[in-house]
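The values are calculated or read from the model by the stated rules, or taken from the named source; none is laboratory data. Owing to the predicted nature of the structure, the values given are computational and were not obtained by experimental measurement. Every residue, glycine among them, receives a Cβ derived from its backbone with ideal geometry; neighbour counts consider all protein chains shown. What goes into the accessible areas is simple: the full protein's heavy atoms, side chains included, and nothing from ligands, DNA or RNA. Shrake-Rupley method; radii C 1.70, N 1.55, O 1.52, S 1.80 Å.
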Amino acid sequence: MDAKTRLERAIGPLPKHTSDIMLAEDRWQVPTYSKFPVAIVRGEGSFVWDAEGKKYLDLYGGHAVALPGHCHPRVVAAIQAQAERLLFYSNVVANDVRAVVVKALADLAPAGLRRVFLCNSGTEANETALKIARKFTHRMRIVSLVDGFHGRTLGALGATGLPKYRDPAYPVPVQHDYVPYGDLEATAKAMGPDTAAVILEPIPSMGGIRVAPRAYFEGLRALTQERGALLVFDEVQTGFGRTGTPFCGEHFGVTPDLITGAKGTGGGVPAGVVFVREDVAATMKLGDQGTTFGGGPLACAAIAANVRTIVDDDLPGNAARVGDRWRAALAAVPGVVGVAGLGLMVGVNLDRPAKAIVTSLLAHGFITGTCEALPNQIRLLPPLVLTDAQAASFTTGLASVLAS
Ligand SMILES: Cc1ncc(COP(=O)(O)O)c(C=O)c1O
């Protein structure tokens, strides 16, 4: 019996057509999401299928999530097996799968950041990191980026400089000072005696993919150390191998004090993590932070299988190799004026607005993304199992869409 039939036996009949699926979602969901006009119902590796059976190369990776590819067999097997053992128990008890995961994550982390706090999402990971920074430094203010994005809950939203996301809830509770990405001088000016942390995405995504020079990261490290503030890298998008190394700071020889992760952490299952410097973690006391679902056995089974796949299959290496060749090929496409990024985090800058191109690409079977901050940029965040042939098929597809 196939998975869909087994699922329908458990939960009842599923709507069959895209129009019915979208109608139901539009009718019952709070209308906060702008959606592609497709209903994705199945995935495997770098591909997904819609309700009508049309196949797409998923260069958006289910929103930068599907690092080992959709429905990686090892992740699926781990979830299935754990679902039959124990779906959930909170952190009031120890658990064998959690014990495996925390060690695996600590082993993946940069040296010195071998303490982890497990949570459920990127916004929660960032809230936790900022809370830890405030507690450790006994300071209240946070320096973050004008073009940064860190999540939608009120604390993380404070660190989010992009007005489209922040303004519906402005003013936000945490006190922030916003500076442009790559501007060390502005960062130094914004930092005062009450600055607890500087938080940034090492490569912004929602704010437009760009990579600052190594000197910026070295400068941030020196500046925060000098001023007694913590450096937080939000690696919700860049972490777990996306940029060609397990964590992005490694490209620049810089280790922050805290790293936050989510999206790809659970290989498709909701999971977030904060990697914490060991002496900073030592200052956290019982009850200082908590979450019911963070580190639940089902999520931990998925994280463990995902991390094992990332390491055993050298997904960061594949991201680096395929990404380098792909970015060079994309740069040669007429209509492309530049290609930014590292590994398989790719921003393709066009000579025209990206939105209509992304719509055409969807009709041609490619799921890609845009961002508000750089309207001419196509954002590509594919699974890290992407092959050269799959990447090349997109390069050809983009060339033909841009030429038509
Ligand atoms: C860099 C970054 N940080 C944080 C978040 C928030 O993550 P979540 O949606 O899991 O709360 C996102 C989501 O897009 C993100 O891109």
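Among the listed residues E44, E124, identify the single one that is among the charged types (D, E, K, R) and within 16 Å of the ligand (Cβ to nearest atom).
Details: E44 fails: within 16 Å of the ligand (Cβ to nearest atom).
Being among the charged types (D, E, K, R) and within 16 Å of the ligand (Cβ to nearest atom) holds for just one of E44, E124, which is E124.
Tell me whether the stretch 279-300 contains one or more residues that are among the hydroxyl-bearing types (S, T, Y) and within 16 Å of the ligand (Cβ to nearest atom).
Yes: the stretch 279-300 contains one or more residues that are among the hydroxyl-bearing types (S, T, Y) and within 16 Å of the ligand (Cβ to nearest atom).
Within the stretch 112-131, residues that are open to solvent by less than 30 Å² (accessible area, probe 1.4 Å) have Cβ atoms under 8 Å from residues that are part of a helix (DSSP H, G or I) and away from the ligand (no atom under 15 Å from the Cβ) in these pairs: L113/E278; L118/R98; L118/V101; L118/V102; L118/C300, counting only partners at least 6 apart in sequence or on another chain.
State all residues of the stretch 133-142 that are part of a helix (DSSP H, G or I), open to solvent by 30 Å² or more (accessible area, probe 1.4 Å) and either within 16 Å of the ligand (Cβ to nearest atom) or touching a Ser or Thr at 6+ places or on another chain (Cβ under 9 Å) (or both); if no residue qualifies, say none.
Residues of the stretch 133-142 that are part of a helix (DSSP H, G or I), as a first pass: 133-137.
Next, only the ones that are open to solvent by 30 Å² or more (accessible area, probe 1.4 Å) stay: 134-136.
Passing the criteria: K135, F136.
Listed by position, the helices (runs of 4 or more DSSP H) enclosed by the stretch 143-204 that each have at least 2 residues that are surrounded by fewer than 16 Cβ atoms within 10 Å (Cβ to Cβ) are 163-166, 184-190. Counting only residues that are without any contact (Cβ under 8 Å) to a residue 12 or more places away in the chain and of a type in the set (A, V, I, L, M), the stretch 85-105 holds 4 of them.
So, of the residues in the stretch 204-254 that are hydrophobic (A, V, I, L, M, F, W, C) and within 14 Å of the chain's Cα centre (by Cα), which turns out to be nearest to the ligand (Cβ to nearest atom)?
V236
Listed here are the residues, each with its yes/no results for (1) in contact (Cβ under 8 Å) with a residue 40 or more places away in the chain; (2) on the phi > 0 side of the Ramachandran plot.
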{"position": "T187", "(1), (2)": "yes, no"}
{"position": "L200", "(1), (2)": "yes, no"}
{"position": "G219", "(1), (2)": "no, no"}
{"position": "E226", "(1), (2)": "no, no"}
{"position": "G241", "(1), (2)": "yes, yes"}
{"position": "F247", "(1), (2)": "yes, no"}
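Within the stretch 205-232, being of a type in the set (S, T, N, Q) and open to solvent by less than 30 Å² (accessible area, probe 1.4 Å) holds for S205, T224.
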